[in-house]
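Working notes, beginning with the structure itself.
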Amino acid sequence: MIVGRRDGRAWLTRVRRTGQPFAAPVGGGGASVTPLGAGVAGAAGTAGAAPVAPRDLRFSDGAMSGPDYMGAVAAAVQRIAAGELDKVVLARDVVATGASALDPRWLLRRLADGYPNTWVFSVDRLLGATPEMLVRLEKHLVTSRVLAGTIRRTGDDDKDLALAGSLARSSKDLEEHEYAVASVAEALAPHCSSINVPESPFVLHLPNVMHLATDVAGVLSAQSTSLALAEALHPSAAVCGTPKIAADELIAELEHMDRGRYAGPVGWLSADGDGEWGIGLRSGAISPTNPAQITLYAGCGIVAGSDPEAELSESDAKLVPMRDSLGS
Ligand SMILES: C=C(O[C@H]1C=CC=C(C(=O)O)[C@@H]1O)C(=O)O
């Protein structure tokens, strides 16, 4: 069952295998669909009960501490300097543990209210507010919003405007961005009769960070689905690197964690194949064994000019939406 909401309109899609009945709706007898928030103390798991704020949260390092992450970035920069690859995206995780089961509805409401320019999602305990659309297919029109290259916002509009200008001129960020755009354009080419790739990126303003952004568009050449396009595109160089195989191997060597579904495609597919697949960024996964615990993820594109301390600070900025969602 998929619940969608855009521009104040909500819709519900039920999916079933051909020849099999639909799962019973909530409250429809034999409910096979668990309402979000079920099992949360205070919410009583009922649709009408108010979402419950997390209590007594404690944050701890995941697989790597901050200094460990800087070490990994420095190692990646060395490998890039040695000519092994051009770009790699290195991620880290942070674990938040509350006093009782986290209520996903609380987190989703705060993400939707605080991060309106993003796609807020919740799939089987993976929650987030991603600003990056891997692919959208709508009546043969293919679009992809590519993000790479980041600067933290200060909250002061004048300063942020100046920072946006420096981001748009930063050769390090432009290089990082170009790899991501090239990977998307290359992956889409076999599926499109024409592709439009703007010459230079624009700056996307989010509440916590600004990104270099490029909206790639194409016309689908043959019968395909949004899911097949997502498969062709994933993982783009916004979350993996260039060349892809070398970056993938370096990620396995340096990250010391299982990304799980972080940075994977998340979205929906209609019966005619159209759909939207975001990249599961600015996200966290509630533990399947401990509902009071969530692992938050953030990664940064590393190129020859990357500075470990700046990348650690950038990853902290990318964790802000999920940290905000846990606040009261
Ligand atoms: C990998 C992440 O962000 C990607 C998307 C936008 C900007 C990025 C960057 O500047 O490094 C990353 O490529 C993340 O948020 O975990």
Discussion item. Suppose we filter Leu161, Leu57 for residues that are out of contact with any strand residue (DSSP E or B) (no Cβ under 6 Å at 6 or more places or on another chain) and either more than 25 Å from Leu206 (Cβ to Cβ) or more than 16 Å from the ligand (Cβ to nearest atom) (or both); which single one remains?
Written reply: Leu161
Response to the item:
Val184 vs (1) under 20 Å from the mean Cα position of the chain (by Cα); (2) farther than 23 Å from Asp307 by Cβ; (3) β-branched (Val, Ile, Thr); (4) surrounded by fewer than 21 Cβ atoms within 10 Å (Cβ to Cβ): all pass except (4)
Worksheet entry | Condition met for Asp316 (assigned to a helix (DSSP H, G or I), surrounded by fewer than 21 Cβ atoms within 10 Å (Cβ to Cβ), within 13 Å of the ligand (Cβ to nearest atom) and at pLDDT 95 or above) | yes
Discussion item. Among the residues that make up segment 98-118, is at least one of them within 16 Å of the ligand (Cβ to nearest atom), buried (at least 20 other Cβ atoms within 10 Å of the Cβ) and outside any loop (DSSP other than H, G, I, E, B)?
Written reply: yes
Worksheet item: When both residues are 6+ apart or on different chains and their Cβ atoms are under 8 Å apart, which pairs have a first residue that lies in segment 246-273 and is more than 13 Å from the ligand (Cβ to nearest atom), and a second that is in a loop (DSSP other than H, G, I, E, B) and among the β-branched types (Val, Ile, Thr)?
Response: Leu269/Thr225; Gly273/Thr225
Discussion item. Return the residues of segment 206-229 that are within 16 Å of the ligand (Cβ to nearest atom) and surrounded by 17 or more Cβ atoms within 10 Å (Cβ to Cβ); say none if nothing qualifies.
Written reply: Leu206, Asn208, Val209, Met210, His211, Leu212, Ala213, Thr214, Val216
Worksheet item: What are the residues in segment 274-310 that are touching a helix residue (DSSP H, G or I) at 6+ places or on another chain (Cβ under 7 Å), within 16 Å of the ligand (Cβ to nearest atom) and in a loop (DSSP other than H, G, I, E, B), if any?
Response: Arg282, Val303, Ala304, Gly305, Ser306
Item to complete: Report yes if Ala187 is farther than 20 Å from Ser315 by Cβ, within 16 Å of the ligand (Cβ to nearest atom), of a type in the set (A, V, I, L, M) and out of contact with any Asp or Glu (no Cβ under 6 Å at 6 or more places or on another chain), otherwise no.
Response: yes
Item to complete: Assess whether Lys159 counts as being among the basic types (Lys, Arg), farther than 30 Å from Ala292 by Cα and either surrounded by 21 or more Cβ atoms within 10 Å (Cβ to Cβ) or free of Cβ contacts under 8 Å to residues at least 40 places away in the same chain (or both).
Response: yes
Practice prompt. Pull up segment 130-139, narrow it to residues that are assigned to a strand (DSSP E or B) and over 17 Å from the mean Cα position of the chain (by Cα), then point me to the one that is surrounded by the most Cβ atoms within 10 Å (Cβ to Cβ).
Written response: Leu137
Discussion item. Being out of contact with any Ser or Thr (no Cβ under 7 Å at 6 or more places or on another chain), β-branched (Val, Ile, Thr) and within 11 Å of the ligand (Cβ to nearest atom) narrows it down to one residue among Thr143, Thr150; which is it?
Written reply: Thr150
Item to complete: State yes or no: is Ser122 polar (S, T, N, Q), in contact with a helix residue (DSSP H, G or I) (Cβ under 7 Å, 6 or more places away or on another chain), within 16 Å of the ligand (Cβ to nearest atom) and not in a loop (DSSP other than H, G, I, E, B)?
Response: no
Discussion item. Going through Ala44, Ala24 one at a time, which residue ends up being in contact with a Ser or Thr (Cβ under 6 Å, 6 or more places away or on another chain) and modelled with pLDDT under 75?
Written reply: Ala24
Worksheet item: For Arg323, all conditions in the list (1) outside any helix (DSSP H, G or I); (2) surrounded by fewer than 21 Cβ atoms within 10 Å (Cβ to Cβ) hold save one; what is the number of the exception?
Response: (1)
Fill in: Gly278 vs. criteria within 30 Å of His191 (Cβ to Cβ), touching a residue at least 40 places away in the same chain (Cβ under 8 Å) and in contact with an Asp or Glu (Cβ under 6 Å, 6 or more places away or on another chain)
no
Discussion item. Which count do you get for residues in segment 231-245 that are more than 9 Å from the ligand (Cβ to nearest atom) and not charged (D, E, K, R)?
Written reply: 9
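The values are calculated or read from the model by the stated rules, or taken from the named source; none is laboratory data. All of these numbers come straight from a predicted model, not from anything done at the bench. Quick reminder, even Gly has a Cβ in these numbers, built from the backbone with ideal geometry, and neighbours come from all protein chains shown.
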